[in-house]
1. Among the candidates B:127, B:189, B:183, single out the residue that is under 30 Å from residue A:362 (Cα atoms), buried (at least 23 other Cβ atoms within 10 Å of the Cβ), within 13 Å of chain A (Cβ to nearest Cβ) and within 23 Å of the chain's Cα centre (by Cα).
2. What number goes with the only condition from (1) within 8 Å of chain A (Cβ to nearest Cβ); (2) in a helix (DSSP H, G or I) that residue B:95 does not pass?
3. Tell me, please, whether a residue that is in a helix (DSSP H, G or I), facing another protein chain (nearest Cβ under 10 Å) and under 24 Å from the mean Cα position of the chain (by Cα) can be found in region A:323-334.
4. Check off (1) within 14 Å of another protein chain (Cβ to nearest Cβ); (2) over 23 Å from the mean Cα position of the chain (by Cα); (3) open to solvent by less than 10 Å² (accessible area, probe 1.4 Å); (4) of a type in the set (A, V, I, L, M) for residue A:137 and give me the number that stays unchecked.
5. Only one of A:371, A:396, A:444, A:405 is of a type outside the set (Phe, Trp, Tyr), open to solvent by 10 Å² or more (accessible area, probe 1.4 Å) and within 23 Å of residue A:538 (Cα to Cα); which?
6. Might you let me know whether region A:312-319 holds any residue that is facing chain B (nearest Cβ under 10 Å), open to solvent by 10 Å² or more (accessible area, probe 1.4 Å) and in contact with a Lys or Arg (Cβ under 7 Å, 6 or more places away or on another chain)?
7. Given A:252, A:285, which one is of a type in the set (Gly, Ala, Ser), over 18 Å from the mean Cα position of the chain (by Cα) and either buried (at least 17 other Cβ atoms within 10 Å of the Cβ) or closer than 26 Å to residue B:199 by Cα (or both)?
8. Conditions: (1) open to solvent by less than 10 Å² (accessible area, probe 1.4 Å); (2) in a helix (DSSP H, G or I); (3) in contact (Cβ under 8 Å) with a residue 60 or more places away in the chain. Residue A:152 meets all but one. Number of the miss?
Amino acid sequence: MIFASWLGKLDWSYFWHGWVQFGGQIATVGGALTVLAALIYFKKLGWLYRNWLTSLDAKKIGVMYIVVSVVMLLRGFGDAIMMRLQQILGSGGGHGFLSGDHFQQVFTAHGTIMIFFVAMGLMFGIINLILPLQLGARDVAFPLLNSIAFYLYLAGVILVNLSLVFGEFGAVGWLAYPPLSELAYSPGPGVDYWLWSIQIAGIGSTLSGINFLVTILKKRCKGMTLMKMPIFSWSILATMILLLLVFPILTATLFMLSLDRSMGMHFFTADMGGNAMMYINLIWAWGHPEVYVLVLPAFGMYSEIVATFSRKRLFGYTSMVWALMAICVLSFFVWAHHFFTMGAGGNVNAFFGIMTMVIAIPTGVKVFNWLFTMYQGRVHFDTPMWWFMAFATTFLIGGGTGVMLAVPAIDFQVHNSLFLVAHFHNTIIGGVVFGYLAGIAYWLPKIFGFKLHERLGKAAVYCWVTGFFTAFMPIYLLGFMGATRRMEQFDPALQYQGLFIISGIGTAIIGLGVLLQVVQLGYSIWKRKELAAGHDPWHGRTLEWSVPSPAPEYNFARLPVVTERDAFWVAKHGGPALYSGPFKDIEVPKESGVGLVVGLAAAVFGFGVIWQLWWLLPIALAVIIGTLIKQTYVEETERIIPAKELKA
Amino acid sequence: MSMLDKLSRLKVPELSRRAFAAICALTALALLIALWLASGQHTFDLFQTRGQIANRERTLLIFSMLLAALVLVPVYYMLYTFAWRYKTGHDHKYSPNWDTDKKYETIWWGIPIAIITVLAAVTWVTSHSLDPYKPLNDDRQHLKVQVIALQYKWLFLYPDQEVASVNKLVIPNKWPIELDITSDAPMNSFWVPQLSGQIYAMPGMSTKLHLDAQQRGTFKGMSSNISGADFSKMNFTVESVGIEDFKTWVTNAKQGGHFTADSYTKLAKPGGAQPVTYHLHDKSIYDNAIMKYMGGHQ
C-alpha cells in the first residue's frame with residue numbers, strides 16, 4: 001500500500017490555489033531564478049562555491065547564516081503585513097483577501113519563520129562571527145560540523161519556501177497542537193512541511209550546540225579562565241547548555257507526531273489512547289527554554305555594548321554570570337505557564353506561575369547592572385548603544401506584562417488573547433531582534449572592515465521603536481477588549497477596526513525601518529572606503545578588537561595570552577602585551593563540500609517524507625551516510641599558512 | 001564662569017532632539033488612540049466585567065499593573081537620567097574601573113526578590129481562590145450546563161431542565177453556574193471575558209468552570225484556541241435574564257424539536273450554525289461525546 005504510487009501524494013491540484021498564492025509561487029521561483037541567473041551572468045557561481053559555500057571559516061559561515069536569515073526576515077515580515085491587512089479588512093465587515101485557512105497558513109509560517117529561520121539563524125550567525133575571536137581561538141572546535149549544521153538549517157529554509165510553490169503550509173499555529181495537527185483534521189501536506197522543515201533545522205541546531213559548547217570549554221586562549229571570559233561568551237555558554245538539553249525534546253516530539261501522521265500511530269491523537277496534552281507539555285518543555293535560547297545571547301550582546309560604549313568595565317560581572325546561569329536553570333521549571341487554562345488545578349498553576357515570576361529576579365538584576373555600567377561612565381551614543389536604549393525602553397514593558405501573564409488567575413483572562421500576542425512581540429522584538437541588530441551593527445566592522453552608516457542606522461532604530469509602539473500598543477488594548485488571536489474575521493460591531501488600522505500604521509513604520517536598513521547596508525558597501533573601520537573602531541575591550549578588520553581567516557597570527565577580564569582594554573592601557581613570541585605556521589581547515597551535499601540530501605529526504613515518496617528516502621539517506629563515511633577517509637583536511645606570510 | 005558660558009559650552013545634544021521626536025511620536029500615537037476612543041462606544045471586556053469571577057480577576061489585573069508600574073517607573077527614570085547625565089561631553093564623574101559594589105548589588109537582588117515575594121503570595125492565594133474548578137461561594141444549587149465545542153459551533157446542554165441550545169447560553173442572573181466542558185473536535189477554549197476567564201475544551205476530557213452574571217445583559221463568548229479553518233466564526237452569546245424569564249425560556253425551548261443522539265450526530269458535522277433550542281431527550285450525549293475517544297479499535 002505504501003508503494004501505491006511513485007508520486008506519493010504529489011498531485012497537480014496542489015499547484016493551483018488562487019491568485020494570492022500564485023503571487024507567492026511567482027515570488028519564490030522568480031527570486032530563486034533571478035539570483036541564479038545573476039550568478040551565472042556575472043560568472044560568480046564558481047567563486048561563490050569556492051569562497052563561500054564550501055568554506056569552513058566560521059566567519060564566512062556566520063555571514064551566510066545572516067544573509068539567509070535576513071532574506072527570511074523579509075519573508076516573515078511580508079507575512080506580517082498580509083495578516084495585519086487582512087485583520088484591518090476583516091474587522092470592518094469585509095471578508096478581506098485571505099480565507100480562514102490561508103490566513104492560518106500565513107501566521108503559522110510567520111511564527112515558524114521568525115523563530116526558527118530568522119532568530120535562530122541570526123543567533124548562530126553572530127556566534128560564528130564573533131565567538132572564536134572573543135575566545136582568542138583560531139576556529140570553532142568542529143569546523144566541518146559547523147558547515148553541516150548550517151546546511152541543515154538551509155535545508156529547513158528550502159522546505160519552508162518550497163511549501164509556497166508545491167502544496168501548502170500548516171494551518172495550525174506555530175506549535176501545531178494536536179489533535180488539530182493530526183491527520184484526522186489536517187490531512188494535507190502543510191503540517192508535514194512545518195514538521196520536517198523544523199525537524200531538519202532543529203538537528204542542525206543541536207549539532208551547533210555541541211560545537212559551540214566544546215569551543216567555549218576547550219578552545220579558550222591561554223590565561224582565559226571561565227571567570228575571565230567576556231560576558232557575551234558566557235551568555236553563549238548558558239545558551240548552548242540550554243539548547244543541548246531541550247532540542248532533543250523537540251526532535252523526539254516531532255518524530256512522534258510524524259509517526260502519527262505518516263505511519264498511523266497514536267501518540268497524540270484524541271482517540272486510541274493518544275494524549276494531545278502530552279504533546280503540549282513536551283513542546284513547551286522545549287519551547288519555553290527556547291525563548292531563553294534566543295534572548296540570552298542578546299543579553300550578552302547588550303552587556304558587551306553597554307560596557308564598550310560607556311568606556312567602563314561591565315558592572316557586576318559576577319552577578320551577571322550568576323544571573324545568566326540562574327535563568328538557564330529556572331527556564332526548565334516554567335513550561336506549564338503556557339497552559340494554565342488546561343485545568344491542572346491551583347497547586348500546579350501556582351507553582352509554575354511563581355517559578356515564572358522568579359525569572360524576573362535575575363533579569364531585573366541584569367537591567368540594574370546595565371544601568372550602573374552607564375553610571376559614572378562616558379556614554380557614546382553610536383548606533384549599537386541606540387539599539388540598547390531602544391531595547392531597554394521596550395523590553396521593560398514586555399517584562400511587566402510577562403509578570404502579569406504569569407499570574408494564573410490573570411492568565412485565564414488574557415491567555416490566547418491579543419494581549420499575549422502584544423506581550424511576546426514586545427519581548428522578542430524589543431529583546432531579541434533589537435539585540436541581534438545591535439550585535440550586527442557592533443560587530444560587522446570586524447568582519448567586513450567598514451562601519452555601517454551612522455545616521456541611516458539611527459533613523460532605522462527610530463522607525464523600529466516608534467513603529468513597534470504604534471503597532472503593538474493597540475494590540476494590547478485589543479486584548480483588554482477581549483479580542484482573540486489567530487482570527488481573520490471579527491464582528492464589525494466590536495469596533496476593533498480603528499485599532500487594527502493604527503497598528504497597521506505601526507507596521508508600515510517598522511517597514512520603513514527595515515527599508516532604511518537595506519539602504520544603509522547598500523550605501524555602506526558603496527561608501528566602504530570612507531566608512532573604513534580600523535581594527536578598533538569602538539574602543540573595544542575584548543580580544544576581537546585586537547586583530548585587523550576584516551579579521552583574517554586564521555583570526556590570530558599569534559595566539560593571545562590573557563591575564564585579566566577585558567584583556568584588550570587592559571593591554572591598551574599599559575597592561576601586559578597580548579601577543580609575544582615567534583610566528584608559527586598555522587593550520588586552517590580546507591574547504592569542503594560535505595556540508596552542502598548533506599544539507600541538500602536532507603532537504604530531499606524531507607521533501608520525500610512530506611509527499612510520501614518513500615523510494616526517495618533510502619537514496620537520500622545513503623547519500624548522507626555515504627558522504628559522511630567517505631569524509632572519515634580524507635586525511636588532508638587542513639592546509640598550512642606559512643609563518644612567512646603572517647609577518648608580511 | 002557665568003551661567004551663560006556654562007550653557008553655551010553644553011552642545012545641544014543630539015539626544016534631546018531625538019527625545020523630542022520620540023515624544024512627538026508617542027503623542028501622535030496617543031492622539032490616534034484618543035480619536036478612536038472618541039469615535040464610538042467601546043467595551044473593554046476585561047475591565048467592564050459583569051460577573052463575580054471576572055470582577056475579581058479584574059482587581060488582580062489592576063493590582064499587577066500597579067505593581068509593575070511601581071517597579072518600572074523608577075527604572076525608566078534611572079535609564080534616561082543615567083543616559084543623559086553620563087553622555088560623553090557632559091560634565092560628570094568618570095570611574096572607568098568601578099565595577100562592583102556589594103551594597104548596591106545586594107539592593108538590586110533585594111528589590112526584585114521583595115516584589116516577587118509579594119506577587120508570589122498573591123499568586124498562591126488567587127490560584128486557589130480563583131481556580132475554575134472551585135464552586136462559587138453560594139448555598140444555592142448551581143445550575144448545571146454541559147458544553148460541547150464542535151466544528152464550528154457550541155452546544156449547551158441543560159440536563160436538569162432538559163434543554164439543548166446551540167450558540168446561545170441563557171443563564172439566570174446572579175445565579176451560580178457550573179459548566180462541564182468538552183470538545184468533540186480539536187481543542188478549543190471556552191471564553192466569556194465579561195463573566196470569567198477561559199478554560200480549554202479538549203476531546204476525550206472534561207473541564208469545569210464556575211461563573212455567574214451579576215447583571216442582566218448579553219455578553220460575547222468565543223473559542224480562543226485555533227481549531228480549524230472556520231474557528232473565528234465560533235461565536236456565541238450568553239444571555240443573563242431574570243429567574244422568571246429563565247423559566248419561560250426553558251418552557252419555550254422545550255416546545256422545540258427533540259434533541260437525540262441522531263440530532264447530535266447531524267449537528268456535529270463541520271459547519272456553522274444559527275442559535276436554536278431543542279427539547280433534550282437523551283441525557284447521555286455529553287458523556288458519550290467524551291467516551292467515544294476512550295475506545296480502541298472498533
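1. B:127
2. Of the numbered conditions (1) within 8 Å of chain A (Cβ to nearest Cβ); (2) in a helix (DSSP H, G or I), the odd one out for residue B:95 is (2).
3. Looking through region A:323-334, at least one residue is in a helix (DSSP H, G or I), facing another protein chain (nearest Cβ under 10 Å) and under 24 Å from the mean Cα position of the chain (by Cα).
4. (1)
5. Residue meeting the stated conditions: A:444.
6. Quick first cut of region A:312-319, residues facing chain B (nearest Cβ under 10 Å) only: A:312-319.
Cutting the leftovers down to open to solvent by 10 Å² or more (accessible area, probe 1.4 Å) gives us A:313-314, A:317-319.
Filter once more, keeping what is in contact with a Lys or Arg (Cβ under 7 Å, 6 or more places away or on another chain): A:317.
So far as region A:312-319 goes, yes, one or more of its residues are facing chain B (nearest Cβ under 10 Å), open to solvent by 10 Å² or more (accessible area, probe 1.4 Å) and in contact with a Lys or Arg (Cβ under 7 Å, 6 or more places away or on another chain).
7. A:285
8. It is condition (1) that residue A:152 fails.
The values are calculated or read from the model by the stated rules, or taken from the named source; none is laboratory data. Worth saying up front: this structure is predicted, and the values here are computed from it rather than measured. Quick reminder, even Gly has a Cβ in these numbers, built from the backbone with ideal geometry, and neighbours come from all protein chains shown. When the accessible area is computed, the model is the full protein with side chains, heavy atoms only, and any ligands, DNA or RNA have been set aside. Shrake-Rupley method; radii C 1.70, N 1.55, O 1.52, S 1.80 Å.
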